[in-house]
Amino acid sequence: MIAAWWRRFFFGPRDVRPLALMRIGVGVIVTWMLLERIAVARAALSDEGWLPSDAAEALMDPWHWSIFHTIDQPMAIAALLLVGGGCALLFTAGLFTRPAGVVAFVILASTHVRNPAVLYGADSVARIWLFYLLLMPCGRAWSIDAIRARIRGGGRAFREQPALMESWPVRLLQFQVALVYLATGVSKFYGADYHEGTALWFALANPTYSRFYLVAEPVLSSVAPVLAVLTLVTLWWELAFAFMMPFRLGRRVALSIGLFVHGGILVAMQIQFWGPLMLLSYLSFVSGRSIHRFWIRHLRETRDKRWSQRLVLRFDPGDGSAESLAARLQALDSFGLIRCVPEAGVETSWSLASGEAVPESEARGRVRGVLPLIGRLFF
Amino acid sequence: MYVFVVPIPGRARRFAITAFAAVHVIALLWWNFGMVQLRPRDQEPTQGDGWTRMHEVADVVDGSGNIRGFLTGYVRVAALFQQWVLFGPNAPHETGRIEVRGITGFDIAGQPILDPDVLHATEDGGLTDETQMIGNPPCGWSRSDSSRATFLRASYAKFHASVAAEERGVEYIGVQFLCMVRPIHQPGEDPEAIEWRTEVLWAGPVASNAAPSGAR
């Protein structure tokens, strides 16, 4: 019985799409993190900078390793960061997803080891989230890899059958997210600022953190009691987060408070990627069905708004180029707007569902106009 | 199928993944909470805590019992891959109560290498790009008294002094690494009534390649 439960819990099937969405978000942030370091490659990562490689190695545990311990020319470092940024971009788009992600991870982690003094919490979280995403087949949905696979498969098995994966990498990620909150909650619990309710005050009254210091400062004093309450809410929410996760209601409450907290941090404080990264991790708690429901609603609205009738493509299955076109359309047609009808011996033609003929140029124009951006790359 | 899991079939594969997950979860718990217990309570948390703890772990658990030794091995393997999944308590439990504005260097003989006026002229105190990347001084290494932080400050000051001297074509014999600090005001206080004071973060010779004082 326990074995069966464990098998369901840890190895049961899971919709890939929420993780694919997380892949896109984390990929964008990692791309930015790697590319922005090019500007400080010399100062922060090279032997000509303020922390030469031998000094950095002396500071670290000997088990730490970084590519940048062996490469010390600023131009070479910048080139490697560019490669890392490019791979992170491929990971985001889902082209050669896993190999590109591995390369981006190694380069990102290497920058962290080479000079840990320039890091903040979001750097660690981005690296860790990227690691978990590499354990998952997150390129199976909403990716160029997925489109290529569909094209190879002739557009079959699409729409009705979402890509699935085993649950275990997601379970590990969920555990890590809960642990981040619990660990930071315990750490804060030992601090007087959180019990006194002044932590939020000192964060918002500090120009280093506060995004709207000059605007907000005059009113801060008047809302000090509210800040005290919010400080305590933050402390206890972090402490309780892990224990609320197993229960559906608790999960909803905890994630909702998280949206509020991280949204507030994002708006009010200059802590660049911390909030977005933590919010992205919430996707590991979201079911594929809820994203699907949102997506389908959007599709229907778009279809109703832009298309009154489906477009029909009749083609000869013996015609290689026509069949290829039909396969690509089937693969890309997330909106369910095009019906491809194979008929032996017919010439390739386009029409509306009512039967009215449509010139090919107009048909292709309509397709380009409505397919997602990725579709434009293929037509 | 997965990066590190060889395609073992059926039950054996599930067992292998479960075993990995168990070790991983125990290591995470131990990393996050075992070490918290080992840390002195009066240690001021800094943003460098992550890698400081790595040293503490290695120092404290070396040669201890089997399970600890095993987990140390796992942590060290993980360290080999740059602490890939180890996330410790990152948030300082005491928020910064000091506002720091501007970090600069001076010729120790009194001739400024970096312009001291920028400390007062702009809101960001003339922070350079590199300074911005270092993080927020109130909870970062620049406020810590640890030897590691001193070493990093020295390296940073040395680099900036070199760059500034090179740009201006001046000789230098030493540098002071300074910042302007003032306490963050309490509710009801006027922040502008609180005066800034200059604080020396590090001072020493920078003309030679010798390791700066404070290195360990």
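The values are calculated or read from the model by the stated rules, or taken from the named source; none is laboratory data. No experiment lies behind these values; they were computed from the predicted model shown. Heads up, the Cβs are rebuilt from the backbone with ideal geometry, glycines too, and the neighbour counts pull from every protein chain shown.
Looking at region A:12-30, is at least one residue in a helix (DSSP H, G or I) and within 30 Å of B:Ser162 (Cα to Cα)? Within region A:12-30 (the criterion being in a helix (DSSP H, G or I) and within 30 Å of B:Ser162 (Cα to Cα)), the answer is no, since none of the residues qualifies. Of the numbered criteria (1) facing chain B (nearest Cβ under 9 Å); (2) modelled with pLDDT under 85; (3) more than 18 Å from B:Pro187 (Cβ to Cβ), the one A:Arg211 fails is (1).
For A:Val219, the conditions (1) in a helix (DSSP H, G or I); (2) farther than 30 Å from B:Glu192 by Cβ are fulfilled apart from (2).
Annotation note: of A:Ala76, A:Ala126, the sole residue that is under 20 Å from A:Ser46 (Cβ atoms), part of a helix (DSSP H, G or I) and in the same structural domain as A:Val40 (by TED's automatic domain parsing) is A:Ala76.
This table checks each residue for (1) modelled with pLDDT under 90; (2) more than 27 Å from A:Pro276 (Cβ to Cβ).
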site	(1), (2)
A:Ile2	yes, yes
A:Leu21	no, no
A:Ile24	no, no
A:Ala41	yes, no
A:Ser46	yes, yes
A:Glu57	yes, yes
A:Pro74	no, yes
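Just one of the numbered conditions (1) over 16 Å from B:Ser155 (Cα atoms); (2) modelled with pLDDT under 85; (3) crowded, with 23+ Cβ neighbours inside 10 Å is not true of A:Asp61: (3).
Pull up region A:131-146, narrow it to residues that are assigned to a helix (DSSP H, G or I) and away from chain B (no Cβ under 12 Å), then point me to the one that is farthest from A:Met33 (Cα to Cα). For region A:131-146, the residue satisfying everything is A:Ala146. Screening A:Cys138 with (1) in the same structural domain as A:Arg23 (by TED's automatic domain parsing); (2) at pLDDT 85 or above; (3) surrounded by fewer than 20 Cβ atoms within 10 Å (Cβ to Cβ); (4) not charged (D, E, K, R) gives one miss only, at (3). Per this entry, A:Phe91 is not counted among residues that are facing another protein chain (nearest Cβ under 7 Å), under 15 Å from A:Val26 (Cα atoms) and in a helix (DSSP H, G or I). The requirement of being in a helix (DSSP H, G or I), surrounded by fewer than 16 Cβ atoms within 10 Å (Cβ to Cβ) and of a type in the set (A, V, I, L, M, F, W, C) is not satisfied by A:Phe105.
Each residue in region A:33-54 was checked for being assigned to a helix (DSSP H, G or I) and either surrounded by 19 or more Cβ atoms within 10 Å (Cβ to Cβ) or touching a residue at least 60 places away in the same chain (Cβ under 8 Å) (or both), and 10 pass.
No other residue among A:Val358, A:Val367, A:Val346, A:Val341 is farther than 17 Å from A:Ser324 by Cβ and either assigned by TED's automatic domain parsing to the domain that holds A:Glu323 or modelled with pLDDT under 85 (or both) apart from A:Val358. For residues that are closer than 30 Å to A:Leu283 by Cβ and at the interface with another protein chain (Cβ under 7 Å from one of its Cβ atoms), scanning just region A:195-208, find the one that is modelled with the highest pLDDT. Of everything passing the filter in region A:195-208, A:Ala199 is modelled with the highest pLDDT. Of the set (1) at pLDDT below 75; (2) out of contact with any Gly (no Cβ under 9 Å at 6 or more places or on another chain); (3) not charged (D, E, K, R), all apply to A:Val286 but (1).
A search for C-beta distances below 6 Å between a residue of region A:159-185 that is over 17 Å from A:Pro18 (Cα atoms) and within 11 Å of chain B (Cβ to nearest Cβ) and any residue that is outside any helix (DSSP H, G or I) and at pLDDT 90 or above, counting only pairs 6+ apart in sequence or on different chains, returns A:Ala178/A:Met245.
Scanning region A:100-130 for residues that are more than 10 Å from chain B (Cβ to nearest Cβ) and free of Cβ contacts under 8 Å to residues at least 60 places away in the same chain yields A:Ala100, A:Val103.
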